[in-house]
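The values are calculated or read from the model by the stated rules, or taken from the named source; none is laboratory data. In this text, all values refer to a predicted model and were calculated from it rather than measured experimentally. Neighbour counts are summed over all protein chains in view; Cβ atoms, including those assigned to glycine, are modelled from backbone coordinates with ideal geometry. For the accessible areas, the whole protein counts, side chains as well, though only heavy atoms, and no ligand, DNA or RNA atoms are used. Shrake-Rupley method; radii C 1.70, N 1.55, O 1.52, S 1.80 Å.
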Amino acid sequence: MELTITQPDDWHLHLRDGELLQAVAPHSASFFGRAIVMPNLKPPITSTAAAVAYRESILKALPADSDFSPLMTLYLTDTTSPREIKLARESGVVFAVKLYPAGATTNSQDGVTDLFGKCLPVLEEMAEQNMPLLVHGEVTDPNVDVFDREKVFIDTILQPLIQRLPQLKVVMEHITTMEAVRFVESCSYGSVAATVTPQHLLLNRNAIFQGGLQPHNYCLPVLKREIHRQAIVSAVTSGNKKFFLGTDSAPHEKRRKECPCGCAGIYNAPVAISLYTKVFEEAGALDKLEAFTSFNGPDFYGLPRNTSKIKLTRTPWKVPESFSFSFGDIVPMSAGETLEWQPSSI
């Protein structure tokens, strides 16, 4: 069995920098045409000048024949200025601004501490410039249970933000709960959308603990109950245009995952398209796969759809146990498993 679809884009990707960037960029460039690249480096990408320089580093890490296009983002801080948003829009290479509540995830210590108190002029300028806000939708209050942080974020921050600035385009990144699904569905088309990862479509929180602690299934936002997974699958495979592909592929060296205080992040770039296809096939919705992978994202961002195609073939293949590099190993999602669908370029 074979499918031909428009080349997908990845609307949420971590490429890191240095040796890690060199190692992982070719995986994403193999089958994705574009990617929204996250800015949570050390130090974070807080200026347009830094985003331009980071983009050059990414382009240098790509194979010589690659047409992959990195779409850059800025890291929102308490001190980001409206002028920086204007510069970002004028640059032609920055396509969104990322909100990390301070301390929410990897390299988020420089994030926002008071969105309404310190960032309102910037958010107003973003609305004026039609620059989307990408949100890591979790509160960081230590008194809020880790499994409830997305729901509380929607109630206390996201809902009030949409009411205050209805013209601001918002993407709720890597949604994990039925509450997030309902919230996105309740918003008007073109104003609020969501990215969805392979792990939140295929795994529930049992996957972190079965057969011992599984560090390679640990990500943020953390995996949730099965009822939430099912709600996300239903939303994504329904054909709703507000949901689109965002892998949140987040590479860490194996030794930084398998240690006393392991990093959060799942490296899924090499398997993502195969896994999304599996989800849609199991839901009897292969006819809706292409819109999710290739149409809904660019339509929301106001960008042209890709014109190139890729082929998906029902040919079983085994995922490597790890990828080895000079600095160490990276373990991918579904390591050692056999997947049914294999993508290839046309």
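Quick notes on this structure:
- Condition check for THR80: open to solvent by 50 Å² or more (accessible area, probe 1.4 Å) and of a type in the set (S, T, N, Q): no
- The sole residue among ARG182, ARG149, ARG205 that is of a type in the set (D, E, K, R), out of contact with any Ser or Thr (no Cβ under 9 Å at 6 or more places or on another chain), under 30 Å from ILE330 (Cα atoms) and open to solvent by 10 Å² or more (accessible area, probe 1.4 Å) is ARG205.
- For ASP110: the one exception among (1) assigned to a helix (DSSP H, G or I); (2) under 26 Å from GLN159 (Cα atoms); (3) open to solvent by 40 Å² or more (accessible area, probe 1.4 Å): (1)
- Residue tally, condition in contact (Cβ under 8 Å) with a residue 24 or more places away in the chain, part of a strand (DSSP E or B), more than 16 Å from ALA29 (Cβ to Cβ) and open to solvent by 30 Å² or more (accessible area, probe 1.4 Å), over region 332-346: 1
- Of the residues in region 16-29, none is under 18 Å from PRO132 (Cβ atoms) and out of contact with any helix residue (DSSP H, G or I) (no Cβ under 6 Å at 6 or more places or on another chain).
- Selection count where residues are open to solvent by 10 Å² or more (accessible area, probe 1.4 Å) and of a type in the set (Ser, Thr, Tyr), scope region 87-101: 1
- If the condition is being open to solvent by 10 Å² or more (accessible area, probe 1.4 Å) and in contact with a Gly (Cβ under 8 Å, 6 or more places away or on another chain), then region 262-299 contributes LYS288, ALA291.
- Segments classed as strands (runs of 3 or more DSSP E), wholly inside region 1-66, with at least 2 members that are of a type outside the set (A, V, I, L, M, F, W, C) and open to solvent by 10 Å² or more (accessible area, probe 1.4 Å): 2-6
- Among (1) out of contact with any His (no Cβ under 8 Å at 6 or more places or on another chain); (2) part of a loop (DSSP other than H, G, I, E, B) - the single one ILE175 does not satisfy: (1)
- Just one of the listed residues (PRO298, PRO304) is under 22 Å from the mean Cα position of the chain (by Cα) and free of Cβ contacts under 8 Å to residues at least 12 places away in the same chain, and it is PRO304.
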